[in-house]
Ligand SMILES: Nc1ncnc2c1ncn2[C@@H]1O[C@H](COP(=O)(O)OP(=O)(O)O)[C@@H](O)[C@H]1O
Ligand SMILES: [Mg+2]
């Protein structure tokens, strides 16, 4: 089959800082790795930066492997790209435009989770400087409401008083040009759940735990430095363990919450849910549709490997999920059925 791999990367920097580009550039390595995997599986493959190549060129492909994300440099958002692909009637891997839009806004995701009684830390959105935060218990964590990849998150993001809160909120508002999400800080174990498949076939791959350095002076968070600044203390001393050491009951509870969280936002094919444990309760921090599948250092691929998939096999599995949705759609001659995980009553 002819498969197009697409990604989104612009030369400019519309928000954030120069270092944030580290999080964006990673997609190039992933695109290459996916290309090699797909070719190994017998496909003919092209790679396109939609910022540079546009979308018309994509019509030649039987299916698209969608690695496009919203980046700090590009004004083109991932949901807008997916929406165009849907309008063009193309089959593409991962979530549809509606799910991408919901998850790109952490507050929207949280509202949906709460509507289904899925635990998520209590929060408030701050849209302007001077707005007061009420009813939340310190310590709090302050994040940009619509970024990913730990962009905008550093040790100062965890705040213990009003002064720290105001300073961080101001930085997010000014630098990232978007509201700040102020959330209660859950100082518990951090678990990632990687999901593959749709509908009744959706399953959670072995759970993974983030292992933080035993440095009492710093907050235990996956900061930007921990994710991207090779050589930094946080990067060198933060790791992960898969499978996570959990008793059978906790594991089952976490997996059930992860599946429900993906359903409520309407992910397709593959996803990753980031959670923190308080006592036995898993709190959902965010849902990542189309999570990072970098072969070297992504949590999703680490989980897939523990489940027995090679890189080429999991890439093929993601594509197979998208093609199966595409076939089901053609049978029903209905518009895109992205959101296959989503129960009809909350399809929105
Ligand atoms: N409410 C919270 N309590 C504890 N840690 C948090 C909380 N929110 C975020 N974090 C930390 O910050 C990291 C990044 O936050 P997350 O919401 O997953 O955003 P991103 O989209 O950047 O990954 C998490 O992996 C976790 O370590
Ligand atoms: Mg996260």
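Here 42, 17, 4 are screened, and the one residue that is more than 19 Å from residue 81 (Cβ to Cβ) and in contact (Cβ under 8 Å) with a residue 60 or more places away in the chain is 17. Consider the range 281-315 and keep the residues that are closer than 22 Å to residue 6 by Cβ and in a strand (DSSP E or B). The one that is nearest to ligand 1 (Cβ to nearest atom) is 288.
For the range 238-248, does any single residue satisfy the condition of being closer than 22 Å to residue 152 by Cβ and assigned by TED's automatic domain parsing to the domain that holds residue 275?
Residues of the range 238-248 that are closer than 22 Å to residue 152 by Cβ, as a first pass: 238, 240.
Next, from what is left, pick out any that are assigned by TED's automatic domain parsing to the domain that holds residue 275: 238, 240.
Yes, the range 238-248 contains a residue that is closer than 22 Å to residue 152 by Cβ and assigned by TED's automatic domain parsing to the domain that holds residue 275.
For the range 158-242, which fully contained helices (runs of 4 or more DSSP H) count at least 1 residues that are surrounded by 20 or more Cβ atoms within 10 Å (Cβ to Cβ) and touching a strand residue (DSSP E or B) at 6+ places or on another chain (Cβ under 9 Å)? Quick ask: steps written out before the conclusion?
Numbers: elements: 162-176, 224-228, 233-237.
Per the criteria, 162-176, 224-228.
Report yes if residue 25 is on the phi > 0 side of the Ramachandran plot and not assigned by TED's automatic domain parsing to the domain that holds residue 310, otherwise no. For residue 25, the condition - on the phi > 0 side of the Ramachandran plot and not assigned by TED's automatic domain parsing to the domain that holds residue 310 - is not met.
Only one of the listed residues (207, 246, 222) is over 24 Å from residue 24 (Cα atoms) and within 16 Å of ligand 2 (Cβ to nearest atom). That residue is 207.
When the range 276-291 is filtered for residues that are more than 10 Å from ligand 2 (Cβ to nearest atom) and within 11 Å of the chain's Cα centre (by Cα), the ones remaining, listed by number, are 289, 290. When the range 135-174 is filtered for residues that are within 14 Å of ligand 2 (Cβ to nearest atom) and over 21 Å from residue 21 (Cα atoms), only 141 remains.
When restricted to residues that are surrounded by fewer than 20 Cβ atoms within 10 Å (Cβ to Cβ) and either modelled with pLDDT under 95 or touching a strand residue (DSSP E or B) at 6+ places or on another chain (Cβ under 8 Å) (or both), the range 105-117 contains 1.
Could you say which residue among 25, 62, 42, 17 is at pLDDT 95 or above, exposed (fewer than 15 other Cβ atoms within 10 Å of the Cβ) and out of contact with any strand residue (DSSP E or B) (no Cβ under 8 Å at 6 or more places or on another chain)?
Only one candidate qualifies: 42.
The values are calculated or read from the model by the stated rules, or taken from the named source; none is laboratory data. Treat the numbers as computed from the prediction; the structure is a model and nothing was measured. Counting neighbours? That spans all protein chains shown, and the Cβs are built from the backbone with ideal geometry, glycine included.
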